[in-house]
Number of protein chains: 2
Amino acid sequence: MYSVGIDLGGTNIAAGLVDQDGKILYKESVPTNAQRPYTEIIKDMAELSYNVIKGANVKIDEVQKIGIGSPGTPNCKEGILIFSGNLNFRNVPIKAEMQKYINLPVYLDNDANCAALAESVAGSAKGAKHSVTITLGTGIGGGIIIDGKIYSGFNYAGAEIGHMVIHCDGVQCTCGRKGCWETYASATALIRQTTKAAQENPDSIINQLVDGDLSKINAKTPFDAAKQGDEVGNRVVKQYIKYIAEGLINVINIFMPEVVVIGGGVCKEGEYLLKPLRELVYAGVFSREEIPQTQIKTAQMGNDAGIIGAAMLG
Amino acid sequence: MYSVGIDLGGTNIAAGLVDQDGKILYKESVPTNAQRPYTEIIKDMAELSYNVIKGANVKIDEVQKIGIGSPGTPNCKEGILIFSGNLNFRNVPIKAEMQKYINLPVYLDNDANCAALAESVAGSAKGAKHSVTITLGTGIGGGIIIDGKIYSGFNYAGAEIGHMVIHCDGVQCTCGRKGCWETYASATALIRQTTKAAQENPDSIINQLVDGDLSKINAKTPFDAAKQGDEVGNRVVKQYIKYIAEGLINVINIFMPEVVVIGGGVCKEGEYLLKPLRELVYAGVFSREEIPQTQIKTAQMGNDAGIIGAAMLG
């Protein structure tokens, strides 16, 4: 049997036909055009579902279900998207609307939860009973897998790990609080930290790497500078890894999962990031006695995580 | 059917015969004398078990199991206490040793987890699928209940919620990190904060309340001062409640449990503590859309939580 997985994003809707091992047989995407009425967007999702089933040369009666991953807060039981800022959705009955077009069970969950499920079923946390997936992007996304299933609390709104304050009264966060982990350890935060360091240190290689145009700084820039021996870049990277570690140790002290998976562009730095990160984390976790420790791995599923995780829902 | 619940503490061993609703029929306790060989301590636990069965007028074949709550890090599967600083135990085979004396299933877990289970089965979180119990004491203890069961990670060492850093590079914690929640929001932290404020403000009522002897300050002192209109006491209490809220919002953003239960002596302040705490928490949680919110309650089980929770293990 197969499932359709749909990654409903603010920019694109991507769908794939996925087998039971989490392998995508065929995929397609269309622009979301998020400002349209939700009925049109959902109609497109239904069409995409038929397209990927057809494109994979699979019969509809071999398809078991449709899973949808979406930004925002879902009511997973009812298949309703309570709220999504990115999509401008409020109390949208996604499941009921999809089932007007396709007579299949429809499951809905948050996109970060889907990514975590994908890593758990087919990625870096495969085989682990409990895992936590953290994505260091514009913000910090979190997905919690307990006993092989998504955990998001009684109202499906949990796992907001990026909105864990690690520095009381610290940097202002978009959520209204100050000092959330994502204001220190997201890619956005790293760019802000790098820009500030470059302004304060005009001689740093960072300034050369972007031809003096600090708006060109991205999350790779400080790593590039550090690798060239730049002291300022090195300091920025070291401090950033410390910020990642602070939140990660919190997550481990609380969850003690077999695996913590870290995703996001910054993971392309590989061992340059992971080696010092592991050192800080294992020195900081609360239980250091002769017990098994949480493994820290980078994400494997990449851009397809949303489709694969959605397909694994239900 | 009944269970024996044993609360193995650094000072006393307390045991009770407990019915299926979490009611203690009969209880007894003896001093732990923690410096003795573990064989003697466990022999005492076995004797206590027989005593409470007898004291409750229950036949041994009506007793289903024995549960033991202990400080430190257990291996719950094997019934071994890996490590406990309070008890000076290391890799102690509690289950096997107990079963030399009593032919019953023996279950072992951490005492904070047992307290959370007691609140979940028979206390403030009764009826909730997911709950988190926080005890504000010498440190901050945490217990996580997911789907009605204790969650403590793959190695049983999780739920160390007190060792979640809320203030990077903040107050030095006994765990080696800086800025753990318990260094700001435990009873110990409140006493430290109150003492400092009293030193800096000799005219504060706080100084009168302890007859000028600051070593007499306890966790009730700043609340008493605040209630008498003392500005310094008021400021200390307000800041302390903010520290509790910071960690609590983190817990809610991550877990979204139906109920968060707060225990520890400071809870005797009741609504004087809870009202401003709820205001801060509900203003700060990430998901404030029209979805059900976590309830914040004080613990109900008191000193018997350890016995009752232990009896509910297995």
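The values are calculated or read from the model by the stated rules, or taken from the named source; none is laboratory data. Quick caveat, the model's predicted, so the values are computed rather than measured. Neighbour counts run over all protein chains shown; Cβ positions are idealised from the backbone, glycine included. These area figures cover heavy atoms from the full protein model, side chains too; ligands, DNA and RNA do not enter into them. Shrake-Rupley method; radii C 1.70, N 1.55, O 1.52, S 1.80 Å.
Given a 1.4 Å probe, show me the residues in region B:229-274 buried by at least 20 Å² of accessible surface when comparing the whole protein assembly to the chain alone. In region B:229-274, residues shielded by partner chains: B:Lys242, B:Glu246, B:Asn250, B:Asn253, B:Ile254, B:Phe255, B:Met256, B:Glu258.
Note on region B:208-314: Cα Rg divided by 2.2 N^0.38 Å, N the number of residues, gives 1.27. Under 19 Å from a label point set 7 Å out along the Cα-to-Cβ vector of A:Arg90, the amide N atoms of region B:275-290 belong to B:286-290. Simple spin-label estimate for A:Tyr282 and B:Arg36 gives 4.0 nm between the two label positions (7 Å along the Cα-to-Cβ direction from each Cα). Here is how far apart the B:Gly85 label points are across copies: 4.0 nm, shortest first, using a point 7 Å from Cα toward Cβ. Once A binds B, the 1.4 Å probe can no longer reach about 4500 Å² of accessible area, counting both sides.
With label points defined 7 Å past Cα in the direction of Cβ, position A:Thr11 shows copy-to-copy spacings of 6.1 nm, given to one decimal and shortest first. Label positions at B:Lys227 and A:Asn218, each projected 7 Å from the Cα along the C-beta direction, are separated by 6.1 nm.
Think of it as helices only: each DSSP H run of n ≥ 4 in chain B is worth -39500 (n - 2.57), and spread over all residues that comes to -10500 deg cm²/dmol at 222 nm. In region B:160-175, comparing the full protein assembly with the chain on its own, the residues that lose 50 Å² or more of accessible surface at a 1.4 Å probe are B:Glu160, B:Cys168, B:Cys175.
Using the Kirkwood radius over C-alpha pairs as Rh, can you work out the diffusion coefficient of region B:141-184 via Stokes-Einstein at 10 °C, viscosity 1.306 mPa s, in µm² per second? Please report the intermediate quantities before stating the final value.
On the way: Rh = 11.2 Å.
Rounded to a whole number, D works out at 141 µm²/s.
With contacts taken as Cα pairs under 8 Å at a separation of at least 6 residues, region B:127-298 carries a relative contact order of 22 percent.
Between A:Tyr101 and A:Gln295, the contour length at 0.36 nm per residue exceeds the Cα-Cα span by 65.5 nm. For region B:262-314, the set of trypsin sites (Lys or Arg not before Pro) satisfying both a DSSP loop assignment and a count of at most 11 other C-beta atoms within 10 Å is empty.
Sorted from greatest to least, the principal axis extents spanned by the alpha carbons of the protein assembly as shown come out as 73, 62, 45 Å.
Other residues with beta-carbon under 9 Å from the beta-carbon of A:Cys175 carry, at +1 per Lys or Arg and -1 per Asp or Glu, a net charge of -1.
For chain B, the longest principal axis of the alpha carbon atoms and the long axis of helix B:111-122 meet at an angle near 90°. Take every Cα pair under 8 Å whose residues are at least 6 apart in sequence, average their separation, divide by the length of region B:98-200, and the relative contact order is 18 percent.
Excluding ligands, DNA and RNA, what is the solvent-accessible area per residue of region B:176-314 at a probe of 1.4 Å, expressed in Å²? Present the calculation step by step, with values, prior to reporting the outcome.
On the way: 5790 Å² over 139 residues.
Dividing the accessible area of region B:176-314 by its residue count gives 42 Å².
When the Gaussian network model of chain B links Cα atoms closer than 10 Å, the mean-square fluctuations of B:Pro37, B:Pro105, B:Pro222 top out at B:Pro37.
Averaging the sequence gap over all C-alpha pairs within less than 8 Å and six or more residues apart, then dividing by the number of residues, gives chain B a relative contact order of 20 percent. Across the identical copies, the 7 Å label point of A:Ile60, projected outward along Cα→Cβ, sits 6.8 nm from its counterparts, in ascending order.
Over region A:1-98, accessible surface divided per residue gives 46 Å², non-protein components excluded, 1.4 Å probe. Each semi-axis of the equivalent ellipsoid for region A:154-252 is √(5λ) with λ an eigenvalue of the Cα gyration tensor; in descending order they amount to 29, 13, 11 Å. At an R0 of 25 angstrom, the distance between the Cβ atoms of B:Lys275 and B:Asn303 translates into a FRET efficiency of 0.45. Per residue, the convex hull spanned by the Cα atoms of chain B amounts to 139 cubic angstrom.
Centre-to-centre, using Cα atoms only, region A:39-80 and region B:242-275 are separated by 40 Å.
Taking every pair of alpha-carbon atoms in region A:90-129, give the share separated by more than 11 Å as a whole percent. Spell out each step's value before the answer.
Details: 542 of 780 pairs.
When all Cα pairs of region A:90-129 are counted, 69 percent exceed 11 Å.
Per the Debye calculation on region B:28-86 with a single equal scatterer at every Cα and no solvent contribution, log₁₀ I(q)/I(0) for q = 0.12 Å⁻¹ amounts to -0.36.
Overall, the ratio between the Cα radius of gyration of region A:251-314 and 2.2 N^0.38 Å, rounded to two decimals, is 1.31.
Would you mind telling me the share, in percent, of accessible area of region B:148-211 contributed by carbon and sulfur at probe 1.4 angstrom? Result for region B:148-211: 50 percent of the exposed heavy-atom area is carbon or sulfur. What is the percent carbon and sulfur in the accessible area of region B:215-275, measuring with a 1.4 Å probe over the protein chains and ignoring ligands? On region B:215-275, the fraction of accessible area on carbon and sulfur atoms equals 51 percent.
Across the protein chains, with a 1.4 Å probe defining accessible surface, the residues A:Thr11, A:Thr73 rank A:Thr11, A:Thr73 from largest area downward. Across the alpha-carbon set of region B:127-298, the Rg to Rh ratio works out to 1.00, Rh being the Kirkwood radius.
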